[in-house]
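No value in this document is a laboratory result; all are computed from the given coordinates. Please read these numbers as outputs of a predicted model, since none were measured by experiment. Here the Cβ is made from the backbone with ideal geometry for all residues, glycine too, and neighbour counts use every protein chain on show.
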Amino acid sequence: MTLPIDLAILTLVVISGIGALAVKDLLGASIVFSAYSFLMCLAWASMGAVDVAFTEAAVGAGVSTVFCVAAVFHTTRRTKD
Amino acid sequence: MKFLAMIAVVLTGGLLIFHTGAFPDFGDANSPANTYLSPYYLENGQADTHAPNVVTSVLADYRGYDTMFETTVVFAAGLACFFLLRRKQKPGDTPRMYRHLPTGVTLHIKEGGTLPAEDSAVFRRLDSEFVPHQIIIKNTCRIVIPFIQIFALYVVAHGHYSPGGGFQGGVLLAASFILYAISHDLRRAIRRFPEKVAALFGSMGVLIYAGTGVLCLLFGANFLNYEALAPLLGVSPVMARSHGILIVEIGVAFAVMAVIIWIYYNLSSAGKHDEGL
Amino acid sequence: MTQHFPALLIIIPLLSALLVSAMGWIDRRWCFPLAVASLAGALAVSIGLAAHVMAAGPIVYKMAGWRPPIGIVYVIDYLNAPVLVVILAVALLNLISAKVWIEKDFEDKMGAYLGLYLLFLSGMVGIVATGDAFNLYVLLEIGSLTGYALIGLGKERAPLSSLNYLFMGTIGASFYLLGIGYIYIATGTLNMADIALLVPQLEGSGTLFLALIICMAGLFVKMALFPLHGWLPNAYSNAPSASAGLIAPLTTKVMIYAMVRVGLTVFTPAFTFARPLLSEAIVWLAIAAIVSGSLLALMQRRLSRMFTYIIVAEVGYMVGGFWLGNKAGVTGATLHIINDAAMTLTLFMAVSAIIWKLGSDKFEDLQGLFGKMPFTMIGFVIAALAVIGIPPTCGFFSKWYLITGGINAGQWGFVAALLFSSLVNAVLFFRIFEIAFFEPFAEGHGHHDHGPVFNEAPVTMVAPLLIAALSLIALGLYTGDIVTKLIQLALPAGIA
Amino acid sequence: MEMLYSAKPLAAILVSFFVVPIIFSSRSENVREAWTFVAAILKFAIVLSMLPFVLKGGQIAYTLVEVLPGLAIEFKVDAFGMLFALVSSSLWIVTSMYSIGYMRSLNEHGQTRYYACFALSLSATLGVAFAGNLFTLYLFYEMLSFATYPLVTHHQDQEARSSGRKYITYILGASIGLVLPAMLVIYSQTGTFEFAPQGFMNGHFSQPATAVLLLMFVFGFAKAGVMPFHSWLPAAMVAPTPVSALLHAVAVVKVGVFCVARVITGVFGTKMLASIGLGTLVCYVASFTIIVSSMIALSQDGLKRRLAFSTIGQLSYIILGIALLSPSGMTGGMLHIAMHAFGKITLFFCAGAIFAASGIKNVSQMVGIGRRMPYTMTAFLLGSLSVIGLPPLGGFISKWNLVIGTLESGQIFFLFVLLASSLMNAAYFLPISYKAFFCTDEEAMFEKKVDEVPTWCLIPLCMTATCSVIFFFYPQPFLQLAKLAVATIIGAPMP
Amino acid sequence: MNDLLPLIADKYNYWIYIVLMMLGLYAMIGKNNLVKKIIGMNIFQTSIILFYVSIAYKKGGTLPIIMGDAHGGGHAAVHAADYINPLPHCLMLTAIVVSVATLGVALALAIKIYRQYGTLEEDDINHQIRMQAGQ
């Protein structure tokens, strides 16, 4: 029974997405966003889109996060929202 | 603004959710999307291109033209980041930190101060926010990086048979370099893989892709029709397609690797190529 | 070789973009000539294609040799052949005109700049030439991504405007992508012609209708249709002069082309115009765009900002004309794509020359400009006449069709808005002529022959400007040929 | 009817167009003005060379380019157009001569621009005269608006600026706001713009729609100065006098009435208008303008302003004549284009001469000026008599025909309008001449010493005044042309 | 529970994609911080990818890698219904690449903006611009 796992992952995706937008620290937001990407990648893998999941794992969870962190590093961590 | 945004979002979302009722069910194998065009790829993919991974054959052959532009998008992004951020600096414009190796004293040299020679054996440049004891990180990375790179090459080369391909492999390669840059420092990474090389590799990667297409054109076939390369490669047209896919995947890997590294250089040092993460 | 022209059309800018950006690291002196040569080559190819289309009908070019629904095709037909020529001509003229700017502003990044310039262009050309709905999205992103960069290195607020443009552009492109997804879910194919074949069987499909709305919404964001136009004035007016002359004429126009393409040959006219309520609503949006664009333009005190609001109004012209859904309206909208690109180019090149010499385009700095820069002003005046819509410039004829379309559709609000905007444009430009002609005031009864000193922009700026200005008249005089030999053949049978 | 395809009309238009760059590039003043003359004479010669053929009842046609089906730039020289072309091209020569004297004696700035725009305006005027369809007409009409703007605002001071703004607002606003939509509506219904002797609108529109369209044209061609679209004309008097003379007595305003006349005859068709009684509507509009403008003219002290309001009234004579839709009325209207042109240009030349010689602009300061400038004021008298319409001057012939026209059409009311306005004309013109010559020595503001304007100014005004006299005795070829034109319109045999 | 689950599961993916998309859209319009907006933009883009991937899924289908004779033998044995639709996957690879490219450029612009104004909050930036214009 894989279905409930699918649903659970997708729910987690939404939660982590909300988290990434809600955290009041940009570095934290980047990391939560990385988790979001990774969960999304899991969801896709479970739907059989392995290539897409692979790419998302490398790009979304990996490179994107590094870019975000790099940008935050050179700007500021603080945010009002 | 937030209130307006909320209203707009709720309205749009409501409309879209309301409509999902008309969609085919999730996982329905008989929806038009799954019955009209895609069976062709599944049924003929292997015969046409000799690549069991249908995603790869669609990506690099049936819709190879899209993928060429996908690579171009990456290249454009690299060019854009460079164009927007890069600024050349004279040494001595910003404060720098040096360590005098024999004594272990850290020197903070202000703007306009005298800098030690670039290749000085006794002074080593430090990042301004350096971490004192990173020996574990450094050594772990030193061990891991080769394995990442080998895996990346495998991903590039094995794209026909398993998930992966030029893009994923290129990103992994880039990741290994980024890991190197993070674990050591940006300057050393740049010395290993200079900006100019990254830029040239970027264009070269796309050039390999587009050049393959042009080569097909020169052989009298349509753009990117790898079958035309059969005489050149000395194989059957189907195998030529398979080889063609490999060639362009290598091009993609080149371009993606170089460009991601290039973007990283620019983002992590805000264009100064001086001190990274 | 002719059969490979559609591929060459985009390969030439793409390859030269790669070469130019590589050359930027090796020997910068080669970048500019290379870029000009490649654009000239691509222009020649596009003219050859247009001639071929006019002589022998549309060309379908199968990329990678796969037949249409399976592979990607390029379709050069009566609709896009003239648009392609215009796009490439605009890019070439602007590049020559921007030479001095590029050398001044981006001296050490020239390779990157020209590379982005050519990539932007290949994106635009691709959008126009492609026959595949998804391929259009990819090219859209190339065009946008390079566009953000080209704008981002401009004056004062440029980075912020560029980032806002990026957000809006991404929303627009993503909506378009979503729309393609909806089309795909309903039909299972991505090829435009193939979709058009399947649409009649899905007459009542809600999914397809939603796909139409989403696609159009995405394109409306990208083309800055009122009330989604907020990003455009800042982005265009803060852009570097060299980029403004490229992006302002092309992006919105190419998006409108995409709208025409999607409306006519993806969703068939029978489907697109089947719901009067939708068409009516969009036409009223267009009317609002025309009126608000014109009024906002009146409030500006800088040339380039004023032009950006005129663009907002012009977008309204074309969107409104298209959604009238009748022959004259659609013809007018399509014709106006070509004409407006040429007009906007001329205006922006003139501004670029003015800024080059004066360092500013504020109204109060334009005094005595007729005496200082007579040639630039000749170009400017012709472009202004075209924007106002005075015959025999091209602006008159497209407006002509648009108004005829409005009359035929009984859409008097649109007709009134067009006339209103013509009048406002007349006011706008005459205000500038006045400043440039009169001030500084002659004391008493002019016994002075020491007027403003002749101080013209370099010839690389003036020559393209004058060519563009003359082309406005030429386009006007050849309207008949463009319409009867190209555009009317492009309209599907479903349009009355 | 004989048709001839020839590029002559185009050549006539382009002569002055091509002289513009030459004017701009000429180094010395004399060369520049010599070129102006060359162009003017060449233009006149080309127009003249077409005259015999047109007088024989032929038409010369030329299509430059067909932009859209039914939307071509094409020229057709018929009798009416020929009449107008002849007037304007001949007067250009005279005015050029006058300009040289005037501009040099006042040492105006920007003379090169002045001559260039002048030449351009003449191109546009001939374009209107030879226009073969409504579109071409509109095109050159707009071109004229733009070409005359720098002339009107020649002084480039604050006053010129506000007048120029008024000028362009009225002219452009009316043409874009009224003429263009009317054209579009007509085109969308009929699909053609080609002028036809009996119009091409028959049966396409209901009566109210036709009335609205007609009024859109009458008011929209604001150059015709029909009230309430007239107030640009007095404002535009800030221009140098030769400009006022040629453009506001001859080219611009006559282009306006010419356009109205063309539209009434060539687009709507006289028979159609007569059958639904719309001519009378226009007649009333024109009559209103005639009476009101004459009354305003009475109260003006500035000579040029008085002339301007007089012009407004006289223009409406022409419209009235055409709108009477009777043969004599139309003949009179057309003829009045020529006669009024020669009369009014004389008056303007005189006004300019007075200003150039003495710096005086107001009527009240001209008492006794005839002693100082006898030739000028004699010419002025002749000009005003012609405009009033008294024999033995050309103006009488056209007014006579107009009066006959009112009787022919049985609309006696307009006869009274004409007579009343003639009286008012006399009332505002004759005192000027009277005071100029016949005043007591105490009243006189000038000494008896003759101190005329430069010869370059004097000759032209004497020439035009003489012409006005000549045309009374020998009103050819204008009368013949007008009759031909009317014959074509009403379909009568050639006279 | 057992009846409800399949019913939800039939459309759940589509709902989630819409929720995510609206989340991203809201962040792009309503958020004040530029990096937050950029993250929102990425969420927006991934939601569309999720949509496409959901289209492609077939119940009981397996990965679109043809498990036959690896050397070109098994032409006839392929049943399309057994495999997940590969076309949207391929499209979405492109979309992912586009999203990372956009992310890079957006961050570059954000860094540039920070350099210029010293803040990433949009209202602060607008305030500064207004102050400059007022002077």
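Just a few scattered comments:
- CD proxy at 222 nm, helix term only [per DSSP H run n ≥ 4: -39500 (n - 2.57); per residue of chain D; nearest 500]: -23500 deg cm²/dmol
- Considering only alpha-carbon pairs that sit under 8 angstrom and 6 or more positions apart, the relative contact order computed for chain E is 24 percent.
- The orientation-averaged projection of the convex hull spanning the C-alpha atoms of the protein assembly as shown amounts to 60.4 square nanometres.
- Eligible lysines near C:Lys99 by straight Cα distance, threshold 29 Å, same-chain separation 8 or greater: B:Lys88, B:Lys90, B:Lys196, B:Lys272, C:Lys109, C:Lys155, C:Lys222, C:Lys253, C:Lys357, C:Lys362, C:Lys372, E:Lys112
- Dipole in debye (nearest 20) - chain C, about Cα centre, beta carbon charges: Lys, Arg +1; Asp, Glu -1: 400 debye
- Other protein chain C-beta atoms within 10 Å of residue C-beta, averaged over B:169-180: 3.
- Amide H contacts of C:Tyr61 (H built 1.01 Å from N, in plane; Pro and chain starts excluded): C:Tyr74, C:Val75, C:Ile76 sit under 5 Å, all sequence-distant by 5 or more or on other chains.
- Under 15 Å of direct C-alpha separation, and excluding same-chain neighbours fewer than eight residues apart, E:Lys11 reaches these aspartates and glutamates: A:Asp6, B:Asp25, B:Asp28, E:Asp3.
- From phi via Karplus (6.51, -1.76, 1.60), per-residue ³J(HN,Hα) for the range D:385-396 in Hz, x at Gly/Pro: 4, 5, 5, 5, x, 9, x, x, 10, x, x, 4
- Local net charge near D:Phe80, Cβ-Cβ under 15 Å (Lys/Arg +1, Asp/Glu -1): +3
- Between the range B:181-231 and the range C:349-367, the Cα center-to-center distance that results, in Å: 43 Å
- Neighbourhood net charge (12 Å Cβ-Cβ; Lys/Arg +1, Asp/Glu -1) for E:Tyr12: -2
- The per residue volume of the convex hull around the alpha-carbon atoms of chain A is 59 Å³.
- Amide proton proximity set for E:Tyr83, modelled H, under 5 Å, gap of 5+: E:Thr62
- Angstrom value of the Kirkwood radius, inverse mean 1/r, which spans all Cα pairs in chain C: 22.6 Å
- Considering all different alpha carbon pairs of chain B, the Kirkwood hydrodynamic radius works out to 22.3 Å.
- Gap separating the Cα centres of the range C:248-304 and the range D:308-356, nearest whole Å: 49 Å
- With neighbours defined as other Cβ atoms within 10 Å of a residue's Cβ, the residues C:Ser21, C:Ser122 order from fewest to most as C:Ser122, C:Ser21.
- Low-density loop cleavage sites - GluC sites (Glu not before Pro) in the range D:361-444, where at most 13 other Cβ are within 10 Å (DSSP): D:Glu442, D:Glu443
- The range C:275-496 - Debye-derived log10 I(q)/I(0), Cα point model, q = 0.16, 0.19 Å⁻¹: -1.02, -1.30
- Across the range C:164-169, computed HN-Hα scalar couplings (Karplus, 6.51 cos²θ - 1.76 cosθ + 1.60, θ = phi - 60°) run 4, 4, 4, 4, 5, x Hz from first to last residue, x flagging Gly and Pro.
- For the range C:471-488, 3J(HN,Hα) computed residue by residue from phi via the Karplus equation (6.51, -1.76, 1.60; θ = phi - 60°) reads 5, 4, 6, 4, 4, x, 6, 9, 3, x, 5, 4, 6, 6, 8, 10, 5, 5 Hz, glycine and proline entered as x.
- Between helix C:276-298 and chain C there is an angle of about 10 degrees, using the helix long axis and the longest principal axis of the Cα atoms.
- Counting, for every residue in C:40-47, the Cβ atoms of other protein chains within 10 Å of its Cβ and taking the mean gives 0.
- Chain B: angle of helix B:2-19 to the longest principal axis, Cα-based, in degrees nearest 10: 30 degrees
- Mean separation of Cα pairs under 8 Å and 6 or more residues apart, divided by the residue count, gives chain D a relative contact order of 15 percent.
- Cubic angstrom per residue, convex hull over Cα atoms of the range C:249-299: 64 Å³
- Every helix of 4 or more DSSP H residues in chain B counts as -39500 (n - 2.57), and over all residues that averages to -20000 deg cm²/dmol at 222 nm.
- Span from the the range D:221-292 Cα centroid across to the the range D:118-156 one, whole angstrom: 16 Å
- When shorter helices are ignored and each DSSP H run of at least 4 residues is given -39500 (n - 2.57), the per-residue value for chain C at 222 nm works out to -24500 deg cm²/dmol.
- Area projected by the alpha carbon convex hull of chain D, averaged over all directions, nm²: 20.8 nm²
- In straight-distance terms, cross-link reach from D:Lys43 covers every one of the aspartates and glutamates whose alpha-carbon lies under 18 Å from its own, apart from those fewer than eight places away in the same chain; here that gives D:Glu33, D:Asp78.
- On Cα atoms only, tilt of D:180-190 relative to the major axis of chain D in degrees: 20 degrees
- Built amide H within the under 5 Å cut-off of D:Asn362, gap 5+: D:Leu303
- Stretch gain in nm, segment D:Leu423-D:Leu281, where the contour uses 0.36 nm per residue and the Cα spacing is subtracted: 48.7 nm
- In plain terms, the residue of B:Thr71, D:Thr153 with the fewest other Cβ atoms within 10 Å comes first and the most crowded comes last, giving D:Thr153, B:Thr71.
- Average other protein chain Cβ within 10 Å of Cβ, residues E:119-126: 4
- Contact order relative to length of the range C:275-496, as percent, for alpha carbon pairs under 8 angstrom and 6 or more apart: 28 percent
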